[in-house]
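For reference, the structure is listed below as structure tokens.
The values are calculated or read from the model by the stated rules, or taken from the named source; none is laboratory data. The shown structure was predicted, so the numbers you read here are calculated from the model rather than taken from an experiment. Glycine also receives a Cβ, built like all others from the backbone with ideal geometry; neighbour counts cover every protein chain displayed. For the accessible areas, the whole protein counts, side chains as well, though only heavy atoms, and no ligand, DNA or RNA atoms are used. Shrake-Rupley method; radii C 1.70, N 1.55, O 1.52, S 1.80 Å.
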Amino acid sequence: MLAVTRSSLPRVPWRVCRAAYATAPSLNPVIEQDIHHFSKILPSTSVVSTLSPVASPASDLDQFNNDWMGKYKGQATTVVKPKSTHEVSQIVRHCWERRIGVVPQGGNTGLVGGSIPLKDELVLSLANMNKVRSFDPISGVLVADAGCILQSLTDYIAPHNHIMPLDLGAKGSCQIGGNVSTNAGGLRLLRYGSLHGTVLGLEVVLPDGTILDQLTTLRKDNTGYDLKQLFIGSEGTLGVITGVSILTPPAPQASNNVILALPKFDNVLPLYKLVKQQLSEILSAFEFIDRTAYELAVKHGQGRALSDEDVRGAACFVLVETSGGRREHDEEKLNHLLETLLEAEKPLINTGVLSQSPAQFSSLWALREGVTEAISKEGKAYKYDISVPLSSFQDVVDGTREHLRSKGLLNDSAVKHVIGYGHVGDGNLHLNVVAESYSPEIQAALEPYVYEVVASHRGSVSAEHGIGSMKTHALHYSKDEVSIALMKKIKEIFDPRGIMNPGKVLP
Ligand code: FAD
Ligand code: MLT
Ligand code: ZN
């Protein structure tokens, strides 16, 4: 086992954020007496602990102590799985009194280490809080426990012809509470906007155990400060979200998609402009994958490969989705767009592959949605989820590749691929560096390099995944001192004892 001391930390730069935590006010570990207390609040099956009297095997904690990418590792001894808001409140109140750190955990699909304890904090899993509380088919307002899985909410409202306003590759595991806590963006943001707009109300257990009931279903409510907004995207640092009220849009009557193969990245922007003009209100996604991302998706079985002819000469691909009210009308618009594109004197695209069946529709989406999964099968990913001007997407990817090459790190035993994909319509680039393994050398080559590039564009170091423990030290590249000072004051108001998700978000 590697003993990590303060003096050894600087030699392991990718764990630098963890060093910051060592200087935070001291918190207490969970001990046997706490297990006795939790066992009075919860049934025995809802307390998993290596401590007596529960004494579960350490392997039972693995799924809670390791993140989706295999990058972050916690040392929690105990996980509690409350079923009700009242139970959450009792547990959190106890932790507040005992000064025990609490890490709220949803589906554990986060990509910035936010859901993993830095040390041995208590993990509070929302997995058992999974009931729909109400759905109003007239207004489309859904009220659900925070632990409901996104896909199960989608399935629940489908018979009412409604859809969730967000969709993401992790939908089968991520929870609505986790989505709200990270302000997840995803594949539908272009059409339905961010959760800051669609979340109507929240129920939150504050760090001292008080229940904040803001679970309203009102579209309009201008009664002073909109406190719920603070919890959207706060990554569990201000409280535990236990209930969510969210506006769900009517399901579109018709959806189509097409993948367009482009000869060069420079064509993406004019293409986006044209697509917006021609498809206007029915455009629901405009997603970008570069050639390497496409090839990895295919290599790792995400969606069906396009024909050789369709990919010949393609530098990158764009997936366009339409969602509208009448199939014939939408198809006419889409066909007209394709004709315009293919018949243009200087064509922006080489080819377009239009889905002809629900299976093909899903397969085209899988080529984009499955990139994350494909990358995780290919190697270890350094994921930079950034907002930069659309015009610089390719330069950022190419520049990073060249930078790594200049450091001698672009080879099969270090960095295998530098990839770009993302939500063009939202100005959000996913810059991914896929390596054979996580290493201090690659980490040191990438940071602060990437953050400095982002700052030079006045961009954001986190467009959608959040700060977690990965980017606490990089917050200042996107937020000025005044903003960070105010954020710290807000944290202090809600959580003066610093028990809620310690070491996350704030430097
Ligand atoms: P977790 O990972 O469990 O937690 C994330 C953070 O929220 C942690 O800080 C945690 O402490 C906090 N948290 C969780 N639940 C609560 C709660 N009830 N109360 C308070 N705090 C809480 N993200 C996007 O934005 N867009 C995408 O398109 C996207 N696609 C993805 C695709 C894949 C394959 C994967 C693996 C991830 C993807 N993500 C995406 C990232 C991730 O899925 C989202 O951030 C998701 O919203 C996290 O939800 P979760 O329930 O898994 O939360
Ligand atoms: C996506 O857009 O696919 C997600 O944000 C996940 C990722 O960045 O890999
Ligand atoms: Zn994304």
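Might you let me know whether the range 17-25 holds any residue that is buried (at least 18 other Cβ atoms within 10 Å of the Cβ) and modelled with pLDDT of 95 or more?
No: the range 17-25 contains no residue that is buried (at least 18 other Cβ atoms within 10 Å of the Cβ) and modelled with pLDDT of 95 or more.
Can you tell me which residue within the range 261-299, out of those that are closer than 23 Å to V418 by Cα and either assigned by TED's automatic domain parsing to the domain that holds D426 or surrounded by fewer than 16 Cβ atoms within 10 Å (Cβ to Cβ) (or both), is farthest from the chain's Cα centre (by Cα)? Step through it out loud before you land on a result.
Within the range 261-299, the subset closer than 23 Å to V418 by Cα is 261-269, 286-299.
Adding the requirement that they be either assigned by TED's automatic domain parsing to the domain that holds D426 or surrounded by fewer than 16 Cβ atoms within 10 Å (Cβ to Cβ) (or both) leaves 263-264, 266, 269, 299.
On the way: P263: 30, K264: 28, D266: 28, L269: 25, K299: 24 Å.
The residue in question is P263.
What is the number of the single condition among (1) touching a residue at least 24 places away in the same chain (Cβ under 8 Å); (2) open to solvent by 10 Å² or more (accessible area, probe 1.4 Å) that V258 does not meet?
Here V258 clears every test but (2).
Taking the range 385-436 on its own, how many of its residues are under 18 Å from E452 (Cβ atoms), more than 15 Å from ligand 2 (Cβ to nearest atom) and aliphatic (A, V, I, L, M)?
2
Got a sec? Which of S391, S387, S355, S362 is away from ligand 1 (no atom under 11 Å from the Cβ), open to solvent by less than 40 Å² (accessible area, probe 1.4 Å) and over 19 Å from the mean Cα position of the chain (by Cα)?
Working: S391 fails: open to solvent by less than 40 Å² (accessible area, probe 1.4 Å); S387 fails: over 19 Å from the mean Cα position of the chain (by Cα); S362 fails: open to solvent by less than 40 Å² (accessible area, probe 1.4 Å).
On inspection, the qualifying residue turns out to be S355.
Taking helices (runs of 4 or more DSSP H) that do not extend beyond the range 389-489, which have at least 1 residues that are closer than 18 Å to T292 by Cα, of a type in the set (V, I, T) and outside the structural domain of R291 (by TED's automatic domain parsing)? Walk me through it before giving the result.
On the way: elements: 393-406, 440-446, 449-456.
In the range 389-489, the matching helices (runs of 4 or more DSSP H) lie at 393-406.
More than 24 Å from N501 (Cβ to Cβ), under 20 Å from the mean Cα position of the chain (by Cα) and modelled with pLDDT under 95 - does that describe any residue in the range 418-425?
Yes: the range 418-425 contains one or more residues that are more than 24 Å from N501 (Cβ to Cβ), under 20 Å from the mean Cα position of the chain (by Cα) and modelled with pLDDT under 95.
Filter the range 159-192 down to the residues that are among the polar types (S, T, N, Q) and within 14 Å of ligand 2 (Cβ to nearest atom), then identify the one that is farthest from S139 (Cα to Cα). Break it down into steps so the answer makes sense when it comes.
From the range 159-192, those among the polar types (S, T, N, Q) are 161, 173, 175, 179, 181-183; that's our starting set.
Filter once more, keeping what is within 14 Å of ligand 2 (Cβ to nearest atom): 173, 179, 182-183.
Details: S173: 27, N179: 22, T182: 25, N183: 23 Å.
Going through the qualifying residues, I end up with S173.
Being within 14 Å of ligand 1 (Cβ to nearest atom), among the acidic types (D, E) and more than 17 Å from the chain's Cα centre (by Cα) is the requirement here; does D145 meet it?
Yes, satisfied.
If you check V79, V112, which single one turns out to be among the β-branched types (V, I, T), open to solvent by less than 20 Å² (accessible area, probe 1.4 Å), modelled with pLDDT of 95 or more and touching a strand residue (DSSP E or B) at 6+ places or on another chain (Cβ under 6 Å)? So that I can check it myself, show each step before the final result.
Numbers: V112 fails: touching a strand residue (DSSP E or B) at 6+ places or on another chain (Cβ under 6 Å).
Sole residue among the options that is among the β-branched types (V, I, T), open to solvent by less than 20 Å² (accessible area, probe 1.4 Å), modelled with pLDDT of 95 or more and touching a strand residue (DSSP E or B) at 6+ places or on another chain (Cβ under 6 Å): V79.
In the list E447, E452, E402, E441, which residue meets the criterion of being in contact with a His (Cβ under 9 Å, 6 or more places away or on another chain), more than 23 Å from G193 (Cα to Cα) and open to solvent by 10 Å² or more (accessible area, probe 1.4 Å)? Reasoning before the result, please.
Values: E452 fails: in contact with a His (Cβ under 9 Å, 6 or more places away or on another chain); E402 fails: in contact with a His (Cβ under 9 Å, 6 or more places away or on another chain); E441 fails: in contact with a His (Cβ under 9 Å, 6 or more places away or on another chain).
Exactly one of E447, E452, E402, E441 is in contact with a His (Cβ under 9 Å, 6 or more places away or on another chain), more than 23 Å from G193 (Cα to Cα) and open to solvent by 10 Å² or more (accessible area, probe 1.4 Å), namely E447.
Quick check: is even one residue across the range 90-104 within 16 Å of ligand 2 (Cβ to nearest atom), at pLDDT 95 or above and surrounded by 19 or more Cβ atoms within 10 Å (Cβ to Cβ)?
Within the range 90-104, the subset within 16 Å of ligand 2 (Cβ to nearest atom) is none.
Checked against the condition, which is being within 16 Å of ligand 2 (Cβ to nearest atom), at pLDDT 95 or above and surrounded by 19 or more Cβ atoms within 10 Å (Cβ to Cβ), the range 90-104 yields no hits at all.
When both residues are 6+ apart or on different chains and their Cβ atoms are under 7 Å apart, which pairs have a first residue that lies in the range 371-393 and is among the β-branched types (V, I, T), and a second that is near ligand 1 (Cβ under 10 Å from one of its atoms)?
T372/G169; I386/A463
In the range 362-373, what residues are within 14 Å of ligand 3 (Cβ to nearest atom) and hydrophobic (A, V, I, L, M, F, W, C)? First the steps, then the outcome.
Here is the first cut: in the range 362-373, the ones within 14 Å of ligand 3 (Cβ to nearest atom) are 365, 368-373.
Passing the criteria: W365, V371.
Suppose we filter I211, I232 for residues that are in contact (Cβ under 8 Å) with a residue 60 or more places away in the chain and surrounded by 14 or more Cβ atoms within 10 Å (Cβ to Cβ); which single one remains?
So the residue among I211, I232 that is in contact (Cβ under 8 Å) with a residue 60 or more places away in the chain and surrounded by 14 or more Cβ atoms within 10 Å (Cβ to Cβ) is I211.
Being outside the structural domain of N428 (by TED's automatic domain parsing), surrounded by fewer than 22 Cβ atoms within 10 Å (Cβ to Cβ), within 20 Å of K83 (Cα to Cα) and more than 16 Å from ligand 2 (Cβ to nearest atom) narrows it down to one residue among V204, V143; which is it? Reasoning before the result, please.
Working: V204 fails: surrounded by fewer than 22 Cβ atoms within 10 Å (Cβ to Cβ).
Step by step, each of V204, V143 is checked, and only V143 is outside the structural domain of N428 (by TED's automatic domain parsing), surrounded by fewer than 22 Cβ atoms within 10 Å (Cβ to Cβ), within 20 Å of K83 (Cα to Cα) and more than 16 Å from ligand 2 (Cβ to nearest atom).
Is there any pair linking a residue in the range 451-466 that is closer than 20 Å to T109 by Cβ and modelled with pLDDT of 95 or more to one that is of a type in the set (A, V, I, L, M, F, W, C) and within 14 Å of ligand 3 (Cβ to nearest atom), with Cβ under 6 Å and at least six apart or on different chains, and which?
What qualifies is A463/I386; H465/L111; H465/V112; G466/V112.
Suppose we filter the range 182-234 for residues that are in contact with a Gly (Cβ under 6 Å, 6 or more places away or on another chain) and within 16 Å of ligand 3 (Cβ to nearest atom); how many remain?
Result for the range 182-234: 3.
Going by the conditions given, is I163 surrounded by 18 or more Cβ atoms within 10 Å (Cβ to Cβ), over 22 Å from the mean Cα position of the chain (by Cα) and away from ligand 1 (no atom under 14 Å from the Cβ)? Even if it seems obvious, please write down each step before you answer.
On the way: surrounded by 18 or more Cβ atoms within 10 Å (Cβ to Cβ): yes; over 22 Å from the mean Cα position of the chain (by Cα): no; away from ligand 1 (no atom under 14 Å from the Cβ): yes.
Criteria not met by I163.
One residue is enough: does the range 245-254 have a residue meeting the conditions more than 30 Å from P137 (Cβ to Cβ), surrounded by 19 or more Cβ atoms within 10 Å (Cβ to Cβ) and not acidic (D, E)? Give the derivation first.
Step one: of the range 245-254, the residues more than 30 Å from P137 (Cβ to Cβ) are none.
No: the range 245-254 contains no residue that is more than 30 Å from P137 (Cβ to Cβ), surrounded by 19 or more Cβ atoms within 10 Å (Cβ to Cβ) and not acidic (D, E).
Restricting attention to the range 153-183, which residues are of a type in the set (V, I, T) and free of Cβ contacts under 8 Å to residues at least 60 places away in the same chain?
Our first condition is that a residue be of a type in the set (V, I, T); within the range 153-183, this holds for 154, 157, 163, 176, 180, 182.
Passing the criteria: only T154.
Suppose we keep only residues that are closer than 20 Å to V48 by Cα and hydroxyl-bearing (S, T, Y) within the range 110-160. Which one would you say is nearest to ligand 3 (Cβ to nearest atom)?
Kept after step one, since they are closer than 20 Å to V48 by Cα, are these residues of the range 110-160: 115-130, 147.
Next cut, hydroxyl-bearing (S, T, Y) only: 115, 125.
Values: S115: 17, S125: 24 Å.
Taking the candidates together, the pick is S115.
Would you mind stating whether G459 is open to solvent by less than 30 Å² (accessible area, probe 1.4 Å), within 17 Å of the chain's Cα centre (by Cα) and within 16 Å of ligand 3 (Cβ to nearest atom)?
Working: open to solvent by less than 30 Å² (accessible area, probe 1.4 Å): yes; within 17 Å of the chain's Cα centre (by Cα): no; within 16 Å of ligand 3 (Cβ to nearest atom): yes.
Considered against the rule, which asks whether it is open to solvent by less than 30 Å² (accessible area, probe 1.4 Å), within 17 Å of the chain's Cα centre (by Cα) and within 16 Å of ligand 3 (Cβ to nearest atom), G459 comes out as no.
How about the range 397-446: which of its residues are in contact with a Gly (Cβ under 9 Å, 6 or more places away or on another chain), more than 16 Å from ligand 1 (Cβ to nearest atom) and touching a residue at least 60 places away in the same chain (Cβ under 8 Å)?
Within the range 397-446, V397, H417, Y438 meet the criteria.
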